[in-house]
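One structure below.
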Amino acid sequence: MATIVYTNAKVLYGGHNLSGDHNELSLDYASEMQDVTAFGDSTRINTGGLTTASVSGAGYWNGGTNNADATLFELVGDDLEPLTVFGNGITEGAETGAYSMKAVIENYNLGNTVGDMLTFDLTAQGRGVK
């Protein structure tokens with residue numbers, strides 16, 4: 001089993017490379033469980049239903065035109081942009097663990113305590129394929 005020191009993840013959203021502002025990134029891909037338990041079953045029986053995908057990230061605030069803050073603030077609620085995350089950078093010909101989806105930024109939050117770096121966190125939900 002290969003192990004990776006998590007140092008070179010990439011975050012691309014709607015043509016913007018937001019990697020340099022992030023220091024945390026996670027992808028959650030799941031299936032909604034559907035209960036198909038019938039009379040006579042002694043335990044719950046589940047089957048996979050619709051799939052869901054979400055990405056959450058966090059990092060250091062970077063304001064100004066064409067930087068992460070302007071991009072993320074303007075795109076909250078937008079559902080037309082592709083979101084692509086690479087777990088270990090982008091290397092031609094290598095398996096990099098790339099995941100891409102159309103996504104809507106659900107929330108974008110700023111804050112921290114006095115004297116600390118201003119940070120942000122965000123969550124984006126996959127919106128599926130039409």
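Where a number appears in this text, it was derived from the coordinates with a stated rule and is not lab data. What you see is a predicted model; the values in this text were computed from it and never measured. All Cβ positions, even for glycine, are placed from backbone atoms using ideal geometry, and neighbour counts span all protein chains on display.
Calculate for the chain the 222 nm mean residue ellipticity that helices alone would give, adding -39,500 (n - 2.57) per DSSP H run of length 4 or more and normalising by residue count, nearest 500 deg cm²/dmol.
-1500 deg cm²/dmol
Each of M33, M101 has some number of other Cβ atoms within 10 Å of its Cβ, and from fewest to most they run M33, M101. Given +1 at the Cβ of Lys and Arg, -1 at the Cβ of Asp and Glu and no other charges, the dipole of the stretch 1-118 around its Cα centre is 200 debye to the nearest 20.
Just want to confirm a number: the relative contact order over the stretch 1-54, from Cα pairs under 8 angstrom separated by 6+ residues, in percent.
Reported as a whole number, the value is 28 percent.
Restricting the chymotrypsin sites (Phe, Trp or Tyr not before Pro) of the stretch 18-126 to loop positions (DSSP other than H, G, I, E, B) with no more than 10 neighbouring Cβ atoms within 10 Å leaves F39.
Taking a quarter of the surface of the Cα convex hull of the chain, what do you get in nm²?
Computed as one quarter of the Cα hull surface, the answer is 12.5 nm².
For the stretch 4-78, the square roots of the Cα gyration tensor eigenvalues, ordered a ≥ b ≥ c, give a/c of at least 1.5 with a/b greater than b/c, which places it in the prolate category.
Here the contact order of the chain, divided by its residue count and restricted to Cα pairs under 8 Å and six or more residues apart, works out to 26 percent.
In order along the stretch 118-126, the phi-based Karplus estimate (6.51 cos²θ - 1.76 cosθ + 1.60, θ = phi - 60°) of 3J(HN,Hα) comes to 6, 10, 9, 9, 8, 9, 10, 10, x Hz; Gly and Pro are listed as x. For the chain, modelled as a GNM whose springs connect Cα atoms under 10 angstrom apart, the maximal fluctuation among V76, V85, V36 occurs at V36.
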